[in-house]
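To start, the structure under review is shown below, and the notes come after it.
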Amino acid sequence: MQRMIVKHGESTLTISLPVKWVKANNLKKGQMINLGMFGDKLVISSKNPHFEKIETSFKSDEEWFIKKTLRHIYNSGYDEVNVNYGKEKQLGLILESLEVLPGFEIIESSNSGCKLKCMTSLEESEYEEIVKRLLWSILSQIDTFIDFCQKKKTAEITEMREMFRVFLKQANLCKRLINKKG
């Protein structure tokens, strides 16, 4: 399908949207749509391309399940999570999980749940540079970790654990950024 580009004012160019697509997506005058740039492609969507909100419930207080679920939600790119739980112990596990999920914070909590929100955002133009820096940092930490292991420096076990925690934090942020970009 092709569309004619029309000049609108001094510096604005416009195109019309196909009526069939407008009707199928129930769009109205004045409604916002999303535009995504992927190389030389422009993607027009009536829905937000990134996951905004999700809700989850924890019936189990198994640490691995809570941490893995929250990490997956974070890495997928959700910006807000409503978490329902039944035990106070689960809130503690949620707090522990946030230690390796940069930008995720509890903004509301009650006896039966909490709301997590990502408090950081990046401009589209910053993604590539940030991801490159994170990957270089992760590689550097891996090199140091391998050096510790090869030299059998077991005395630095605490430092190695902290390095792994930082590595995990950066890896999670990197995955999130890649998924948010699409």
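At-a-glance table
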{"read-out": "Filter result for GLU96 (under 30 Å from LEU42 (Cβ atoms), touching a helix residue (DSSP H, G or I) at 6+ places or on another chain (Cβ under 9 Å), open to solvent by 60 Å² or more (accessible area, probe 1.4 Å) and of a type in the set (Asp, Glu))", "value": "no"}
{"read-out": "Members of segment 40-84 that are modelled with pLDDT under 90, basic (Lys, Arg) and within 17 Å of ASN179 (Cα to Cα)", "value": "LYS47, LYS53"}
{"read-out": "Residue count for segment 160-182, restricted to those that are among the charged types (D, E, K, R), open to solvent by 40 Å² or more (accessible area, probe 1.4 Å) and over 16 Å from SER137 (Cβ atoms)", "value": "2"}
{"read-out": "Test: LYS152 is open to solvent by 60 Å² or more (accessible area, probe 1.4 Å), more than 15 Å from TYR78 (Cα to Cα), in a loop (DSSP other than H, G, I, E, B) and out of contact with any strand residue (DSSP E or B) (no Cβ under 9 Å at 6 or more places or on another chain)", "value": "yes"}
{"read-out": "Matching residues, segment 67-109, being touching a residue at least 60 places away in the same chain (Cβ under 8 Å) and in a helix (DSSP H, G or I)", "value": "ARG71, TYR74, ASN75, SER76"}
{"read-out": "Of residues in segment 157-178 being of a type in the set (S, T, N, Q) and modelled with pLDDT of 80 or more, the one nearest to PHE145 (Cα to Cα)", "value": "GLN170"}
{"read-out": "Candidate set: segment 113-141, residues that are hydroxyl-bearing (Ser, Thr, Tyr) and surrounded by 14 or more Cβ atoms within 10 Å (Cβ to Cβ); chosen: the one farthest from ILE54 (Cα to Cα)", "value": "SER137"}
{"read-out": "Residue in segment 107-127 that is under 23 Å from ASN34 (Cα atoms), aliphatic (A, V, I, L, M) and modelled with pLDDT of 80 or more present", "value": "yes"}
{"read-out": "Criterion: over 28 Å from THR56 (Cα atoms) and of a type in the set (Lys, Arg) - qualifying residue of LYS117, LYS132, LYS89, LYS169", "value": "LYS132"}
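Let's see how each residue does on (1) loosely packed, with under 10 Cβ neighbours inside 10 Å; (2) outside any strand (DSSP E or B); (3) of a type in the set (Ser, Thr, Tyr):
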residue: MET1; (1), (2), (3): yes, yes, no
residue: MET4; (1), (2), (3): yes, yes, no
residue: LYS7; (1), (2), (3): yes, no, no
residue: LEU17; (1), (2), (3): no, yes, no
residue: TRP21; (1), (2), (3): no, yes, no
residue: LYS29; (1), (2), (3): yes, yes, no
residue: LEU42; (1), (2), (3): no, no, no
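The values are calculated or read from the model by the stated rules, or taken from the named source; none is laboratory data. Model, not experiment: these values are computed from the prediction. With ideal geometry, Cβ positions are generated from the backbone for all residues, glycine too; neighbour counts draw on all protein chains shown. What goes into the accessible areas is simple: the full protein's heavy atoms, side chains included, and nothing from ligands, DNA or RNA. Shrake-Rupley method; radii C 1.70, N 1.55, O 1.52, S 1.80 Å.
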